[in-house]
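Structure first, commentary second.
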Amino acid sequence: MSSTTVRATDWRNISQFRKGLVTDMHQPSRRDYVSINFGHRSGSYNNGKHWRKQSCWRKWKQLSRLQRSLILFILVLLFICLIASYPTVTEHLRDGHQDTDSNSAMKPFIPQMLPEPVKRGQPPMQEQPSQRKLSNKRRPPVLNHLQKKGNTSDTGAVDKAADSIKKKGKEQGVISWHGAMIDINHNTERTKNGENKEGSPPNQKAKFSKESEAVRLAAVQEAFRHAWKGYKDFAWGHDELKPISKSYSEWFGLGLTLIDALDTMWILSLKEEFEEAKAWVAAELTFNKNVDVNLFETTIRILGGLLSTYHLTGDTLFLDKAKDIGSRLMPAFNTPSKIPYSDVNIGKGTAHPPHWTSDSTVAEVTSIQLEFRELSRLTQKPQYQDAVAEIMKQIHKLDGKLDGLVPMFINTNNGQFTHQGIYTLGARADSYYEYLLKQWIQGGKKEDQLLEDYLQAIEGVKKNLLQKSSPSGLTFVGEVSHGQFSSKMDHLVCFLPGTLALGAYNGLPSDHMDLAKQLMETCYQMYTQMETGLSPEIVHFNMHQGSTRDIDVKLADRHNLLRPETVESLFYLYRFTKDHKYQDWGWEILQNFNRYTKVPSGGYTSINNVCDPDYPSPRDKMDSFFLGETLKYFYLLFSDDFNVISLDQYVFNTEAHPLPIWASA
């Protein structure tokens with residue numbers, strides 16, 4: 001048989017094989033499940049040799065359309081997950097396009113911040129994106145909202161549902177708390193080339209400094225205009241603005257905020273706003289009212305504000321008003337002891353103590369001297385100065401002091417200290433120490449009794465009230481109650497660094513400046529260690545070894561009232577040291593005021609909880625000192641023109657109203 005001859009049995013076998021193969025390849029697929037097989041086949045593919053010889057493309061073509069679709073879907077999904085989880089790529093996508101399109105409606109709002117001041121002995125460190133959720137200090141909560149240009153959203157309906165308000169807040173760049181909406185879309189400072197001050201090369205520092213000064217001064221002016229808008233729209237001519245409810249509150253009914261802000265507007269060069277206020281003073285302000293006013297508050301805010309504005313402008317309108325209110329306050333001094341009553345009816349010409357006590361607070365009766373002394377000098381009527389000088393003479397010789405530290409209360413009948421044994425530089429005693437030094441400066445450094453009392457009091461502070469916290473060793477001023485030390489420190493005490501620095505500048509011991517710098521650091525930490533970057537009203541410092549944090553804040557003390565004391569001291573420290581870190585600290589504080597207290601419809605509000613950046617809870621109150629003191633000290637802090645209210649020519653009263661120094665030493 002030739003090689004081409006095939007036996008019938010062989011042809012039959014080949015025919016059966018081919019028939020089976022065709023049948024196998026055209027077998028209808030099952031529709032109730034999907035199977036993807038990898039590995040060896042059994043049957044006629046002995047030892048898997050035929051499987052291994054097949055190409056990948058041939059194998060791919062053998063899969064059903066559904067199987068191929070599933071494989072492609074899985075591969076695409078894995079690729080997307082790989083891209084999303086790769087940190088370098090996502091970081092580049094998030095940061096690389098941050099500033100590329102400021103007009104894009106899809107650009108997420110990312111608050112810009114100056115770098116945190118570098119701690120001594122540590123290299124500067126920049127916060128990484130992955131760390132942002134670990135710390136809330138000096139930063140607003142992370143918001144996934146869209147930035148909208150030209151947003152002028154109002155506070156809206158306070159009684160809407162919380163979810164609706166929160167959603168609206170995210171869309172418009174505000175934080176909402178219980179119906180109140182606070183604007184956080186405040187532009188923070190950057191150099192034109194995107195570099196921060198600390199990273200600028202030496203030949204650019206001067207340029208940056210001028211740009212930085214201009215940006216910060218403009219920010220303070222804008223903050224004032226925003227606060228003034230709220231007052232003008234909702235509280236014009238009344239004492240204080242309630243920005244959340246868009247209404248006002250009355251304390252004395254004398255336009256307290258307007259008068260307190262007069263010299264601030266002049267210093268900030270806000271001439272249009274000043275002329276509006278001046279017109280109101282000329283046409284509407286009258287003190288012929290049957291109303292009780294507080295002697296201390298009226299003296300430092302109204303009398304001090306009018307006298308200061310007269311000196312800055314030369315307009316006798318303000319001097320005439322100052323003479324009027326000054327004379328109407330004099331009945332307060334008609335007491336058996338010559339220690340004045342706290343309350344005066346300026347219409348009836350009568351005075352009385354509070355209804356619940358016959359005492360006045362020591363701070364109140366000893367912090368009216370600068371104003372009445374200046375009124376005597378301008379009017380050539382000695383009765384004003386004589387009345388307040390008598391108070392200082394009596395307190396100088398009183399028993400009950402602790403190394404120059406005074407109790408908090410004094411009786412208006414017998415002129416003696418009451419509630420003895422409690423010594424603090426906080427509420428009810430604070431400005432006594434401030435006015436000892438400032439009267440001495442105002443009078444040309446000639447009144448030795450005032451200087452003696454001041455120096456003795458500072459030594460008493462060092463001996464009895466100074467301690468250090470644990471673990472950081474912050475120097476703080478506590479309190480003494482009947483021989484027991486308390487680590488409680490009011491925010492009000494943060495006037496002390498500035499006062500100490502002012503004394504050192506005027507020739508007092510250099511260690512006063514050293515202590516001022518230490519306490520300034522502490523007051524700054526009272527801000528920076530809070531989650532909102534804003535200080536509470538009262539803190540308690542830890543002193544026990546092993547403490548994990550320096551500062552504790554009780555629930556009832558967590559409010560912030562927009563107080564000026566820390567900014568005031570930053571102003572003095574910068575004026576005397578020229579250290580720009582004090583400006584940077586103040587800039588951080590101003591930014592946080594804008595984040596957490598600015599109300600879009602106008603004004604700023606005090607808040608209840610500085611420890612909760614998500615819901616700080618507004619108090620619906622803007623005290624007059626926010627315009628009279630806080631914003632004024634911000635402006636002076638950021639100005640490098642030291643001739644703007646020169647401290648060689650002016651001394652500030654405790655409400656930040658500058659009064660002239662009478663004569664050089």
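The values are calculated or read from the model by the stated rules, or taken from the named source; none is laboratory data. Computed from a predicted structure; not experimentally measured. Here the Cβ is made from the backbone with ideal geometry for all residues, glycine too, and neighbour counts use every protein chain on show. All accessible areas refer to the heavy atoms of the entire protein, side chains included, with ligands and DNA or RNA removed. Shrake-Rupley method; radii C 1.70, N 1.55, O 1.52, S 1.80 Å.
Points worth noting:
- Of the residues 371, 297, ranked by 1.4 Å probe accessible area with the largest first, the sequence reads 297, 371.
- Per-residue packing, averaged as other Cβ atoms within 10 Å, sorts the ranges 620-628, 242-250 into the order 620-628, 242-250, beginning with the highest.
- Order by protection proxy (mean Cβ within 10 Å, highest first), peptides 265-274, 325-334: 325-334, 265-274
- Using θ = phi - 60° and Karplus 6.51 cos²θ - 1.76 cosθ + 1.60, couplings along the range 644-659 (whole Hz; Gly, Pro as x): 6, 6, 5, 7, 8, 10, 10, 10, 7, 6, 6, 10, 6, 9, x, 10
- The phi torsions of the range 535-546, fed into the Karplus equation with coefficients 6.51, -1.76 and 1.60 and a -60° offset, translate into couplings of 6, x, 5, 9, 10, 10, 8, 7, 10, 7, 4, x Hz, rounded to whole numbers, with Gly and Pro shown as x.
- Debye log10 I(q)/I(0) at q = 0.15, 0.16, 0.28 Å⁻¹ for the range 554-617, Cα point scatterers: -0.55, -0.62, -1.16
- Summary value for the range 235-280: 29 percent relative contact order, contacts being C-alpha pairs under 8 angstrom separated by 6+ residues.
- Semi-axes of the equivalent ellipsoid of the range 549-665 are 29, 16, 13 Å, computed as sqrt(5λ) over the eigenvalues of the C-alpha gyration tensor in descending order.
- Long-range amide H partners of residue 408 with built H, under 5 Å: 422
- Judged by the mean number of other Cβ atoms found within 10 Å, the most tightly packed of the peptides 280-289, 304-313, 401-410 leads the ranking 304-313, 401-410, 280-289.
- Under 5 Å, built H, 5+ apart or other chain: amide partners of residue 398: none
- Distance from the range 286-345 to the range 407-422 (C-alpha centre basis), Å: 25
- With R₀ set to 45 Å, the beta-carbon distance separating residue 556 from residue 380 gives a calculated FRET efficiency near 0.35.
- Across 289/323; 278/621; 229/289; 401/462; 289/632, pairs whose alpha-carbon gap is larger than 19 Å: 278/621; 229/289; 289/632
- Applied to the range 77-83, the Karplus parametrisation 6.51 cos²θ - 1.76 cosθ + 1.60 on θ = phi - 60° returns per-residue 3J(HN,Hα) values of 4, 4, 5, 5, 4, 4, 5 Hz, with x for Gly and Pro.
- Extending 7 Å from Cα along the Cβ direction at residue 83 and again at residue 545 yields two label points whose distance is 5.9 nm.
- Once backbone amide H atoms are built at 1.01 Å from N, residue 650 has 661 as its partners under 5 Å, excluding neighbours fewer than 5 places away on the same chain.
- With 10 Å bins from 0: P(r) over the range 228-320, alpha-carbon pairs, percent: 16, 51, 30, 2
- Counting heavy atoms of the protein chains alone, residue 458 has an accessible area of about 10 Å² for a 1.4 Å probe.
- Relative contact order, percent, the range 537-627 [alpha-carbon distance under 8 Å, six or more residues apart]: 26
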